[in-house]
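FYI, it's all coordinate maths here, none of it is from the lab. Treat the numbers as computed from the prediction; the structure is a model and nothing was measured. No Cβ is skipped: glycine too gets one built from the backbone with ideal geometry, and neighbour counts run over all protein chains shown.
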Amino acid sequence: MATVVGALLGLLAAGTVVSLVVGHGVWHTIPTSGLIITAAIGTLAGAVTTAARLISSKTEPCGNNSNSRRPRNPWLAVVTDAKTNTTFDVDKRRYRFRLYAPGPSRWWEFALYDGKNFLPFWQISSDGNLLPQPVKLTALDEQGIAERYDIVIDFSRYPIGAKLYLVNLCEHDDGRGPEQDLRLGDAFAGRSGDPCVGKFLEFCVVREPATEDKSLVPDVLIPNPTLPKAVRERTFLFGRGGINTTFGAPSSYEKASSDWAIRTDGGEKVSADWGRVSAAPRYGTCEVWHLVNDGGGWDHPIHIHFEEGQILARNGSASRVPPWEKGRKDVYRLRPGGTVTIKMQFRDWGGMFMEHCHNTTHEDNAMLLRWELDDSGEPFLAPLPTPVPTPEGVTYPYDANDILLNAF
């Protein structure tokens, strides 16, 4: 373990750490949109910022505020520093990049290319944690809204003057989800009606590093924790058309029905109400949750707040879980008509949490639920009072106004 930690610190400290925030939407309260690149060289304690750039997609509104089912002309351009196809100068060394897709309804698939060939890199993490082992790739899996990937590119393999490109292969017609993933040659050549497909960032290898690059990518990173036996299973179905059982409550969705909704354990498919408790696992226990896409051709990246899980199966099969999904995650892309089975242990934090689709037009139109991590007796909590925002501030006028039958 000391060797692994040392290698990772070398990658962080001796290498260059870069964060890429990909897209053009917002993630909850993040005030800016786009792809933010910050590069730091030096020790963890005394990093020196060498670059800060903003890449974003210029978009028209994504439809009206009630349906937003098929955004009109939602993908106009990916721009960097108000320009397309920006160049990012790099040293002949390893760089660690963190790619984060904030939305609102855009998927991505990134490849590294030199104009002739796919080029290799390593994926070392997903969402909040390192993978058990690095995965060598030439193209990432599709990246849904709010998913995070860390990759390492070794620019020491290329001569000074070499040019490499980050290319997006994932084509959209609308906000339903990816239309198709193009062949790299077609994407690079601009053979798509989606202007966000193709090369959007050029790396130019310009110099030897000022100090020796001692970073490396170890064969073993951080093993997953062994979780205890599950005490319960729950099923959450994400789909179209919900009823509002608490219509009129201050915490309830604003309409009597909703375009998007969640069904818990075979109950009614209900629209969002943050005053409703849909699930209440016990502190310290472990559960298996089945996240089910109700169909209709839509994809749903499901975000479960404040707890990480391990994917046990896709569509009922452990063999369908790819290596890059075998680490700990908190956003689970269901794929059209798909099911993801996860296992989680509920620890560390008590209180109120959210589970929702991170396709922002779905989330904003009622595909969200509240779950509680509570127990009985000190020092645990009862379900927290429901916060209700007003122009004068947040008030807590009542307790949870609806608790589903099988929540506890």
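Which of the lysines could a cross-linker bridge to residue 214, judged by Cα under 16 Å and excluding same-chain residues fewer than eight apart?
92
Among the aspartates and glutamates, which have Cα under 14 Å from the Cα of residue 343 when same-chain residues fewer than 8 positions away are ignored?
233, 287, 307, 308, 325, 330
Less than 15 Å apart at the alpha-carbon level, and either on another chain or at least 8 residues along: which aspartates and glutamates does that give for residue 255?
Cross-link targets: 273, 363, 364.
Binning every alpha carbon pair distance of segment 222-307 at 10 Å from zero, what are the percents per bin?
15, 41, 31, 11, 2
Count the net charge of all other residues whose Cβ sits under 13 Å from the Cβ of residue 156, scoring Lys and Arg as +1 and Asp and Glu as -1. Let's see the in-between values first.
Details: positive: 92, 93, 94, 157, 207, 214; negative: 91, 154, 208, 212, 213.
It works out to a net charge of +1.
Can you say what percent of the DSSP beta bridges in segment 152-299, counting only those with both residues inside, are antiparallel? Round to 5.
70 percent
In µm²/s, what is D for segment 257-313 at 4 °C and 1.567 mPa s, where D = kT/(6 pi eta Rh) by Stokes-Einstein and Rh is the Kirkwood radius from Cα pairs?
94 µm²/s
Can you give me the long-range amide H partners of residue 93? Hydrogens built in the peptide plane at 1.01 Å from N, cutoff under 5 Å, separation of 5 or more residues or another chain.
Correct list: 155, 156.
Based on the mean of other Cβ atoms within 10 Å per residue, sort peptides 264-277, 102-115, 307-320 so the most packed one is first.
Going by the mean number of other Cβ atoms within 10 Å, highest first, we get 102-115, 264-277, 307-320.
From zero up to wherever the largest Cα-Cα distance of segment 232-403 sits, split into 10 Å bins and tell me the percent of pairs in each.
It works out to 10, 37, 36, 15, 2, 0, in whole percents.
Using a cut-off of 11 Å between beta-carbons, work out the net charge of the residues near residue 139 (Lys and Arg +1, Asp and Glu -1, residue 139 not included).
That works out to -3.
Amide H neighbours of residue 354 under 5 Å, at least 5 residues apart or on other chains, H built in the peptide plane: list them.
When sequence neighbours closer than 5 places are left aside, the close amide H contacts are 305, 371.
Going highest first, how would you order 296-302, 389-395, 214-220 by mean Cβ packing within 10 Å? Please report the intermediate quantities before stating the final value.
Details: 296-302: 20.7, 389-395: 8.0, 214-220: 15.6.
Ranked by mean Cβ neighbours within 10 Å, highest first: 296-302, 214-220, 389-395.
For residue 235 and residue 257, what is the calculated FRET efficiency with R₀ set at 25 Å and r taken between the beta-carbons, to the nearest 0.05?
Efficiency for this residue pair is about 0.65.
How do 196, 204 rank when sorted from fewest to most other Cβ atoms within 10 Å of their own Cβ?
204, 196
Net charge near residue 167: determine it from the other residues with C-beta under 10 Å of the C-beta of residue 167, scoring Lys and Arg +1 and Asp and Glu -1.
With Lys, Arg at +1 and Asp, Glu at -1, the net is 0.
Work out, step by step, the length gained on full extension between residue 212 and residue 162: first 0.36 nm times the residue separation, then minus their alpha carbon distance; give nm to one decimal.
So the extension gain works out to 16.0 nm.
Over segment 90-180, what number does the Rg to Rh ratio reach, with both radii from the alpha-carbon atoms and Rh per Kirkwood?
0.99
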